[in-house]
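Notes for the one structure printed next.
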Ligand code: UD1
């Protein structure tokens, strides 16, 4: 199909976005390699909002994932939800007007995702009166917990989007219940898993286990007796780390295991809370070049993608409140304990290696104990988590551009009104 030089713009902003967007850019490059004619090529523009800006929260991921430098960096930085979202929208609007993409891709559920989707959905290009089609990668996930800012971002973004790219079947069901027209919904698989599968070999070369003293230079994988078994911990959700009692419940569930080290790469917001809430005494802060100690909660700086993937693959268990890590451990076949009451990714519990432990100390400790004894034999990964989701996304975009109609939703409504009228006659 001729695309007449289709212009696609992708937005990334925060750490979990980078690995979701990277394979889409690669699939676009593949498409361009396979299509010689200029009219069939896709022109791609990468925008980084700057929601995450620290070297280890952003730059390290661009290196590890071989991402190109963003074409435009908005540099918005941190702020309250309203301030950050508004800053992104203000900075993004002139970029869309200048670049006039025909398709805007947003990924995940962070403030950058909803802010940019909102700008594009309300845009009108002077001249032909068109606006970009909005595509949401990782659509349809629902925790049904509206106290999570990400849940609000997911709902709003999905209802603004023209193309909804879904990772697991629960997402298709959720969107159907919310009345999203089915022709907008595409179950394509998981681009974050595309990245994981294509990065495993490179991650295997990471020396993070040796650096943290978890493996002697001649040691093997996690079943090797020369390796120190460890639990990998990540926590950053405000609901878990902003209140002292909630944070302590989780920390105390992790102590008292002298057979294992706990390795805790600390997100900047969590690091700040540890200081403010005076929780330093729970941690061994591993100095640069120092090793992790068995029986301790070893706090280390945030890690790059490949080092973290290597740690995850070699951990006896992962304890987390992240969404993406529930999926990554499912794919790796590593047991996971999620310290939340709910998950928007039910496939990780139904088919994967994840359990929801809630937020109470004893329940988390019990889940950890049980999960450490489960067999880690590989189960088959969820449907379409096969490393080819990005390819499918590009295919769907090409099949849906130019859009058949911009007012599809209104036609559906019209048909409903007409059929009701008929029913009353
Ligand atoms: C954001 C996402 C969350 C995602 C997480 C991954 C939203 C609503 N939340 O949460 O869904 O799981 O990213 O990390 O978009 N900070 C730094 N350096 C940085 C970035 C942040 O120090 O590079 C600190 C700042 O103090 C900032 C705080 O972390 O205020 C929170 O950052 P923010 O982007 O607001 O949200 P996250 O907690 O990172």
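The values are calculated or read from the model by the stated rules, or taken from the named source; none is laboratory data. Everything numeric in this text was worked out from a predicted model, so none of it was measured. We place every Cβ from the backbone using ideal geometry, glycine too, and count neighbours over all the protein chains shown.
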**OP:** Give the number of residues within region 333-390 that are within 21 Å of the chain's Cα centre (by Cα), part of a helix (DSSP H, G or I) and surrounded by fewer than 16 Cβ atoms within 10 Å (Cβ to Cβ).
**Re:** 1
**OP:** Could you tell me whether region 296-306 includes any residue that is more than 14 Å from the ligand (Cβ to nearest atom), over 29 Å from residue 65 (Cα atoms) and surrounded by fewer than 16 Cβ atoms within 10 Å (Cβ to Cβ)?
**Re:** no
Original post:
Can you find a residue in region 259-276 that is within 28 Å of the chain's Cα centre (by Cα), modelled with pLDDT of 95 or more and assigned to a loop (DSSP other than H, G, I, E, B)?
Top reply: yes
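Residue-wise test of (1) closer than 17 Å to residue 16 by Cα; (2) buried (at least 24 other Cβ atoms within 10 Å of the Cβ); (3) within 16 Å of the ligand (Cβ to nearest atom); (4) more than 18 Å from the chain's Cα centre (by Cα).
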position: 105; (1), (2), (3), (4): yes, yes, no, no
position: 128; (1), (2), (3), (4): no, no, no, yes
position: 131; (1), (2), (3), (4): no, no, no, yes
position: 159; (1), (2), (3), (4): no, no, no, yes
position: 168; (1), (2), (3), (4): no, yes, no, no
position: 179; (1), (2), (3), (4): no, no, no, yes
Original post:
Considering only region 57-83, how many residues are part of a helix (DSSP H, G or I), within 8 Å of the ligand (Cβ to nearest atom) and farther than 24 Å from residue 44 by Cα?
Top reply: 1
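Residue by residue, here is whether (1) closer than 17 Å to residue 16 by Cα; (2) out of contact with any strand residue (DSSP E or B) (no Cβ under 7 Å at 6 or more places or on another chain); (3) without any contact (Cβ under 8 Å) to a residue 24 or more places away in the chain holds:
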position	(1), (2), (3)
235	yes, yes, no
240	no, yes, no
247	no, yes, no
250	no, yes, no
253	no, yes, no
258	no, yes, no
264	no, no, no
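Do you know which of the residues in region 8-56 that are outside any helix (DSSP H, G or I), touching a residue at least 60 places away in the same chain (Cβ under 8 Å) and more than 16 Å from the ligand (Cβ to nearest atom) is farthest from the chain's Cα centre (by Cα)?
42
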**OP:** Looking only at region 208-219, decide whether some residue is in contact with a helix residue (DSSP H, G or I) (Cβ under 7 Å, 6 or more places away or on another chain), surrounded by fewer than 19 Cβ atoms within 10 Å (Cβ to Cβ) and over 30 Å from residue 121 (Cα atoms).
**Re:** yes
